[in-house]
Amino acid sequence: MTATSATFINGGESIKLTMPEDLDQDNRLVYALEVLFEDEHLALIHKPAGILVSGNSFKTIANALTQNLTPSQRPDATIPQPVHRLDYATTGILLVGKTSSSIRALNKMFVEKTVEKTYHAVTIGVMTNDSGTISSDIDDKESQSDYKVIESVFSKRFGQLNWVELKPKTGRRHQLRKHLASIGHPILGDKDYGIEGLLLNGKGLYLHAFSLNFIHPFTGEDLLLKDELPKKFKKIFIQDQ
């Protein structure tokens, strides 16, 4: 008899555990990822829009990592695991641990804020200040984001569009989106925090995790990894590329 989770054991039974030699291909997520950097300890990959980093869904970055990364040969090698999150609609660079010790070390670095994250976004409206700091509580916790306007262009529909560099100093949920919306300049394509009548459909959210800068926890190397801007940014601001 094949047992299930509802099978009761009365005592005296003989139990045999077997594992299938090959899993059904239909139960495997096939999803190609662009690997930006990889060694025995960690990897950095490009996260596309429209996919969760992790969670209960079948289609997640976490479930696709094994097929895209080279297995670590370190003694504590484990299933690759993202060590931070990006929103479903956000694109950009994502840091992954490949060993147990690396995952612990990278998580500690994020807690201690020794990883510098830089994002690029497109915001709506005339920004009177070219740079500044936005500080406000999010979910009853202090939060801070620094911003700098790189370039602005006239837009018939939106008045003005701004290419903005962002450096979050804390890591609250939807922090950059909430902060920019709070000063009246929401991110283009943001359906949750955008301005009614100025929502952009079909192009996604114009928020990109552009770079990560940190000291490699095992080699001591100063790593600065960048993920090229999406084409939709370049169509607005870099017409000659």
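The values are calculated or read from the model by the stated rules, or taken from the named source; none is laboratory data. Everything numeric here is computed off the predicted structure, so don't read it as measured data. Here the Cβ positions follow ideal geometry from the backbone for every residue, glycine too, while neighbour counts run over all protein chains shown. Just so you know, the surface numbers come from the protein's heavy atoms only, side chains and all, with ligands and any DNA or RNA stripped out. Shrake-Rupley method; radii C 1.70, N 1.55, O 1.52, S 1.80 Å.
Set side by side, the residues Val122, Val115, Val153 differ, and just one is within 16 Å of the chain's Cα centre (by Cα) and either open to solvent by less than 70 Å² (accessible area, probe 1.4 Å) or touching a residue at least 12 places away in the same chain (Cβ under 8 Å) (or both), which is Val115. Suppose we keep only residues that are in contact with a Ser or Thr (Cβ under 6 Å, 6 or more places away or on another chain) and not charged (D, E, K, R) within the stretch 90-112. Which one would you say is most open to solvent (accessible area, probe 1.4 Å)? Restricting to residues being in contact with a Ser or Thr (Cβ under 6 Å, 6 or more places away or on another chain) and not charged (D, E, K, R), the top hit is Ser100.
So for the stretch 158-171 (the condition being in a helix (DSSP H, G or I) and touching a Ser or Thr at 6+ places or on another chain (Cβ under 6 Å)), does at least one residue qualify? No, the stretch 158-171 has no match at all.
Based on this model, can you work out whether Val164 counts as farther than 27 Å from Ala105 by Cβ, among the β-branched types (Val, Ile, Thr), more than 19 Å from the chain's Cα centre (by Cα) and open to solvent by less than 50 Å² (accessible area, probe 1.4 Å)? For Val164, the condition - farther than 27 Å from Ala105 by Cβ, among the β-branched types (Val, Ile, Thr), more than 19 Å from the chain's Cα centre (by Cα) and open to solvent by less than 50 Å² (accessible area, probe 1.4 Å) - is not met.
Note on the stretch 134-147: residues that are over 13 Å from His185 (Cβ atoms) and in a strand (DSSP E or B) total 9.
Leu200 passes every criterion in (1) open to solvent by less than 60 Å² (accessible area, probe 1.4 Å); (2) touching a Leu at 6+ places or on another chain (Cβ under 8 Å); (3) within 23 Å of His84 (Cα to Cα); (4) of a type in the set (A, V, I, L, M) apart from (3). All conditions but one from (1) assigned to a strand (DSSP E or B); (2) within 13 Å of the chain's Cα centre (by Cα); (3) not charged (D, E, K, R) apply to Pro80; the one that does not is (2). Any residue at all in the stretch 173-181 that's at pLDDT below 95 and either closer than 18 Å to Phe210 by Cβ or out of contact with any Gly (no Cβ under 6 Å at 6 or more places or on another chain) (or both)? Yes; the residues of the stretch 173-181 include at least one that is at pLDDT below 95 and either closer than 18 Å to Phe210 by Cβ or out of contact with any Gly (no Cβ under 6 Å at 6 or more places or on another chain) (or both). The residue of the stretch 203-227 that is least open to solvent (accessible area, probe 1.4 Å), among those that are without any contact (Cβ under 8 Å) to a residue 60 or more places away in the chain and either in contact with a helix residue (DSSP H, G or I) (Cβ under 9 Å, 6 or more places away or on another chain) or of a type in the set (A, V, I, L, M) (or both), is Leu224.
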